[in-house]
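The values are calculated or read from the model by the stated rules, or taken from the named source; none is laboratory data. As the structure is a prediction and not an experimental result, all values here were calculated from the model. No Cβ is skipped: glycine too gets one built from the backbone with ideal geometry, and neighbour counts run over all protein chains shown.
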Amino acid sequence: MSDIKFNVSVRDVQGKGASRRLRREGKVPGILYGGDKAPLNISIPENELMKVLDNEAFYSHVIELNIGEEKERAILKDLQRHPYKPTVLHADFLRVVKGHKITVNVPLHFVNEDKCDAIKNQGGKAAHLLNEVEVEVLPSQLPDYIEVDMADLKMEQILHLSDIKLPEGCTLVELAKGEGHDLPVVAIHKPKGSDAAAEESEGGEDAAE
């Protein structure tokens, strides 16, 4: 069962003017589509939506939409924000059908960075190159997040998508595209100027001799 739920209404009138009126009434226009049903134009209470914008789960979990007496399960596919105001202009939701796989972005959680010797004892710096990955998975197996273990990373090592241990049932969409799509996820680099400082130190010792 989804922890995030919205009480939404069906909207019959469309267009920019109708959308502006909805937003003045404290509602956000949206659409629900997918599965074997026709697309449905909906409106979501803005206050309910604003409460979850900072919730990581909103962007990667199955959401429950209560439409009158009916309940629909869906995932967020697109969120259109105002370019400079803290408001949402439109939301797109994709229906979740039992037994059918979905593609969804799942956040990455980097763990054991404090146990990485290259960082802890050698002064290395971690560069996080991705913060989420797109996976194909059954709704029942959708993970909250995917862990990236950094404990054994070495200095100047790069960890790629193919190195991530995936939860059961998940496949990475990017890797399925073939060669050249094994993207870097995280890397450990030497601190800037460390080599130059070492060379200067060695040069000073040689001059002293």
Notebook entry, point to check: Do we find a residue being in contact (Cβ under 8 Å) with a residue 40 or more places away in the chain, buried (at least 16 other Cβ atoms within 10 Å of the Cβ), aliphatic (A, V, I, L, M) and assigned by TED's automatic domain parsing to the domain that holds Gly30 anywhere in the stretch 43-50?
Noted result: yes
Next item on the list: Any chance you could count how many residues in the stretch 68-114 are more than 16 Å from the chain's Cα centre (by Cα), under 30 Å from Gly124 (Cβ atoms) and among the polar types (S, T, N, Q)?
Entry: 1
Check: Just wondering, is there one or more residues in the stretch 108-129 that are free of Cβ contacts under 8 Å to residues at least 60 places away in the same chain, closer than 30 Å to Pro29 by Cβ and touching a Phe, Trp or Tyr at 6+ places or on another chain (Cβ under 7 Å)?
Finding: no
Check: within 21 Å of Lys98 (Cβ to Cβ), of a type outside the set (Ser, Thr, Tyr) and under 20 Å from the mean Cα position of the chain (by Cα), is that true of Ile4?
Finding: yes
Checklist line | Unmet criterion (only one of (1) within 16 Å of the chain's Cα centre (by Cα); (2) at pLDDT below 95; (3) farther than 29 Å from Leu32 by Cα) for Leu183 | finding: (2)
Notebook entry, point to check: Going by the conditions given, is Leu175 modelled with pLDDT under 95 and either under 23 Å from the mean Cα position of the chain (by Cα) or of a type outside the set (Asp, Glu) (or both)?
Noted result: no
Margin query: Take the conditions within 30 Å of Gly99 (Cβ to Cβ) and within 14 Å of the chain's Cα centre (by Cα) and apply them to Leu161. Does it pass?
Written below: no
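Being surrounded by fewer than 16 Cβ atoms within 10 Å (Cβ to Cβ) and closer than 30 Å to Glu25 by Cβ is the requirement here; does Glu64 meet it?
No: the conditions fail for Glu64.
Test of understanding: among Leu22, Leu32, which residue is under 21 Å from the mean Cα position of the chain (by Cα) and either surrounded by 11 or more Cβ atoms within 10 Å (Cβ to Cβ) or modelled with pLDDT of 90 or more (or both)?
Just a single option satisfies the conditions, and that option is Leu32.
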